[in-house]
Amino acid sequence: MDAALSTETTTLAQAFLDTARRRGDAPAILTADMAVTLTWSQYSQDASRVAGGLGAAGLRRGQTLGLLLSNRPEFHLADAAALLLGAIPFSMYNTSAPEQFAHVIGDAGCRIVITEPALLARLQAGLEQTASGVDHVIVVGTPSWHDLLEHDPIEHPEPVDGDDVATLIYTSGTTGPPKGVELTHANILTMAREVTTLIEACPEDRAISALPMAHIAERASTHYIPMTVGSSVVCCPDYSTIMDLIPRVRPTVFFSPPRLWEKLRSAIAGAVDGGGTDPGALRQMLGFDRLRTALTGAAPCPPAVIDFFTAIGVPLHQLYGMSETTGIVSIPTGHGGAADAVGPPLPCTEIGFTDDGELLVRGPMVMAGYRNQPDATAETIDAQGWLHTGDIATLGQDGALRIVDRKKELIINAAGKNMSPSNIEARLKESSPLIGQACVIGDGRPFNVALIVADTAAAAALPRGDDLSMHIADAVARANGRLSRVEQIKRYDVLTDEWLPDSDELTPTMKLKRKPIAQKYANRITALYDGVTS
């Protein structure tokens with residue numbers, strides 16, 4: 001069946017309704033236990049009823065709707081309902097602190113928020129800290145939500161323009177308070193057309209929704225693209241269960257940040273090391289025997305991880321994008337390409353470079369701007385329409401981009417040598433599955449040191465009597481053997497408490513929070529430079 005998105009489609013609501021008519025009784029949204037399935041017809045009908053209820057509550061074109069929900073069918077219904085009204089739905093990270101809810105809700109100016117019982121108390125604590133004037137808090141599983149589903153459906157979607165804002169993506173706040181990235185209908189539909197063509201998406205595809213819907217990668221891969229293609233999505237409300245869910249779902253398309261791919265590699269490392277297990281059996285063990293498109297992004301993926309999965313017949317590709325580019329700038333295609341590359345730029349995208357190597361991007365997927373922040377918008381998008389990504393990159397002879405590091409995160413040591421901490425961290429993580437996370441410090445210092453977080457599962461699997469510290473020492477030595485002298489780790493400290501998403505150390509999408517890490521572990525870092533480890 002042709003999954004191509006018509007060039008005449010200019011809004012997400014139009015795309016959604018066209019898909020629902022075309023796909024009818026085909027499955028659209030499933031719960032993790034497969035007990036509840038919404039067909040495309042039911043999805044469309046229920047979203048239309050919810051839209052009627054939200055409209056009666058006062059939601060109008062151009063107004064925002066806050067969503068604080070786990071990955072569940074109600075998210076898709078609420079988001080689609082807002083689009084049918086010409087409103088602007090946006091998601092909040094479920095693990096945010098109350099004051100973060102207050103900031104985002106105040107910045108968005110929403111008067112209606114939809115949440116669920118488990119998240120209600122923290123939301124209410126956040127609302128007490130803002131004067132934004134939220135009039136309605138609707139809680140799924142309660143009469144307030146059921147009333148929406150029982151409302152008369154709207155007769156037709158509210159007409160909007162392609163340049164109207166369709167959603168807000170709040171940045172993860174690694175450089176200050178989150179900024180609201182305004183993405184238009186045209187931005188998102190362009191992304192969907194480009195990506196679905198390149199990965200050859202089809203209506204028979206099945207994906208798992210497990211990452212935060214506040215992140216553009218998850219919204220794109222398990223909400224917007226299915227909305228335009230007509231494929232199905234299985235909702236996983238608890239990310240900790242994802243490794244058990246994959247074999248039950250057997251997805252055809254799968255996206256995850258590198259950390260999960262690293263954990264999956266560790267899970268079958270024993271079978272690989274023992275030999276005698278063919279690649280087909282390994283794919284089936286993981287639940288990837290039907291997988292056609294395997295993608296990673298949001299953080300640098302060690303090339304060894306990509307090579308590992310490619311070797312067992314899972315062609316894992318690392319894409320590159322950011323919220324400000326609707327989640328995508330480049331994506332590898334086919335089964336080739338270097339493991340350290342993020343593919344060629346999309347056909348609709350122009351790229352350029354500043355004198356110091358910062359990647360510039362221009363094209364129809366570049367955001368409208370940052371909400372309520374014209375100065376920040378002007379700093380990011382120049383007068384010629386170039387978006388300054390903040391990433392140092394190169395363009396190879398093969399036409400593929402390679403991301404070196406964040407411009408602001410490059411290490412310049414005491415001798416004035418420039419180096420990429422991400423590259424060094426990748427070498428460390430590649431050296432052993434025992435290294436779950438690593439943060440390299442060295443800016444303005446005479447040499448590099450590292451905070452190393454042991455992978456709890458890999459450490460627990462060590463034979464009784466094995467010394468974890470000796471294994472880590474061997475791994476660091478192997479990594480140093482692949483680094484230049486100035487890049488090498490001279491001293492390190494091993495931490496046994498895992499760094500979790502949306503914590504002091506990691507953003508919700510598992511990027512390192514380098515400044516907070518440096519502050520939290522200042523004493524340990526000082527001890528490393530003084531020649532003492534704990």
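Determine whether segment 68-87 contains at least one residue that is at pLDDT below 95 and within 24 Å of CYS202 (Cβ to Cβ).
no
Among the candidates LEU264, LEU245, single out the residue that is modelled with pLDDT under 95, more than 30 Å from ALA108 (Cα to Cα), among the hydrophobic types (A, V, I, L, M, F, W, C) and part of a helix (DSSP H, G or I).
Sole residue among the options that is modelled with pLDDT under 95, more than 30 Å from ALA108 (Cα to Cα), among the hydrophobic types (A, V, I, L, M, F, W, C) and part of a helix (DSSP H, G or I): LEU264.
Only one of (1) part of a helix (DSSP H, G or I); (2) farther than 28 Å from ILE246 by Cβ; (3) modelled with pLDDT of 95 or more; (4) not basic (Lys, Arg) fails for GLY62. Which number is that?
Checking GLY62 against (1) part of a helix (DSSP H, G or I); (2) farther than 28 Å from ILE246 by Cβ; (3) modelled with pLDDT of 95 or more; (4) not basic (Lys, Arg), the one that fails is (1).
Please verify whether ALA294 is on the phi < 0 side of the Ramachandran plot, modelled with pLDDT under 85 and not polar (S, T, N, Q), treating the condition exactly as stated.
Taking the combined requirement at face value, the residue does not satisfy it.
Please find, within segment 343-364, the residue that is surrounded by the most Cβ atoms within 10 Å (Cβ to Cβ) out of those that are in contact with a Ser or Thr (Cβ under 8 Å, 6 or more places away or on another chain) and farther than 23 Å from GLU182 by Cβ.
The extreme case among them is GLY343.
Residues of segment 286-316 being more than 20 Å from the chain's Cα centre (by Cα) and polar (S, T, N, Q), which ones?
Hit for segment 286-316 is THR310, nothing else.
Name the single residue that is farthest from PRO302 (Cα to Cα) among those in segment 267-290 being at pLDDT below 85 and in a helix (DSSP H, G or I).
Result: GLY274.
Take segment 412-440 and flag every residue that is surrounded by fewer than 22 Cβ atoms within 10 Å (Cβ to Cβ) and β-branched (Val, Ile, Thr).
Selection gives ILE412 alone.
Consider only pairs whose beta carbons are under 8 Å apart and that are at least six residues apart or on different chains; among these, list those whose first residue lies in segment 369-381 and is touching a residue at least 12 places away in the same chain (Cβ under 8 Å) and among the small types (Gly, Ala, Ser) and whose second residue is surrounded by 14 or more Cβ atoms within 10 Å (Cβ to Cβ) and assigned to a strand (DSSP E or B).
Matching pairs, first to second residue: GLY369/GLU182; GLY369/ILE381; ALA376/TYR370.
What do you reckon, is GLU425 at pLDDT 90 or above, of a type in the set (D, E, K, R) and under 20 Å from HIS317 (Cα atoms)?
yes
Considering only segment 400-424, state which residues are in a helix (DSSP H, G or I) and acidic (Asp, Glu).
GLU409
Being acidic (Asp, Glu) and buried (at least 19 other Cβ atoms within 10 Å of the Cβ) is the filter here; which residues of segment 503-534 pass it?
Selection gives GLU505 alone.
For a quick check of your reading: which helices (runs of 4 or more DSSP H) sit entirely within segment 440-534 and have at least 1 residues that are modelled with pLDDT of 90 or more and not aliphatic (A, V, I, L, M)?
468-480, 514-520, 522-529
For GLY352, all conditions in the list (1) touching a Gly at 6+ places or on another chain (Cβ under 9 Å); (2) of a type in the set (Gly, Ala, Ser); (3) free of Cβ contacts under 8 Å to residues at least 40 places away in the same chain hold save one; what is the number of the exception?
With respect to (1) touching a Gly at 6+ places or on another chain (Cβ under 9 Å); (2) of a type in the set (Gly, Ala, Ser); (3) free of Cβ contacts under 8 Å to residues at least 40 places away in the same chain, GLY352 is out only on (1).
Just wondering, is there one or more residues in segment 249-258 that are in contact (Cβ under 8 Å) with a residue 60 or more places away in the chain and either out of contact with any helix residue (DSSP H, G or I) (no Cβ under 7 Å at 6 or more places or on another chain) or charged (D, E, K, R) (or both)?
yes
Can you confirm whether segment 217-226 contains a residue that is polar (S, T, N, Q) and in the same structural domain as SER70 (by TED's automatic domain parsing)?
yes
I'd like the full set of residues that are among the small types (Gly, Ala, Ser), within 20 Å of LEU211 (Cα to Cα) and surrounded by fewer than 23 Cβ atoms within 10 Å (Cβ to Cβ), limited to segment 295-315.
ALA299
Just checking, which of ALA51, ALA20, ALA56 is surrounded by 14 or more Cβ atoms within 10 Å (Cβ to Cβ), assigned by TED's automatic domain parsing to the domain that holds ASP205, touching a residue at least 24 places away in the same chain (Cβ under 8 Å) and farther than 18 Å from CYS202 by Cα?
That would be ALA51, the only listed residue that is surrounded by 14 or more Cβ atoms within 10 Å (Cβ to Cβ), assigned by TED's automatic domain parsing to the domain that holds ASP205, touching a residue at least 24 places away in the same chain (Cβ under 8 Å) and farther than 18 Å from CYS202 by Cα.
Out of the strands (runs of 3 or more DSSP E) lying entirely within segment 97-206, which hold 1 or more residues that are among the small types (Gly, Ala, Ser), crowded, with 18+ Cβ neighbours inside 10 Å and in contact (Cβ under 8 Å) with a residue 60 or more places away in the chain?
Filter on segment 97-206 gives 165-170, 180-184.
The values are calculated or read from the model by the stated rules, or taken from the named source; none is laboratory data. As the structure is a computational prediction, the values presented were derived from the model and not from experiment. No Cβ is skipped: glycine too gets one built from the backbone with ideal geometry, and neighbour counts run over all protein chains shown.
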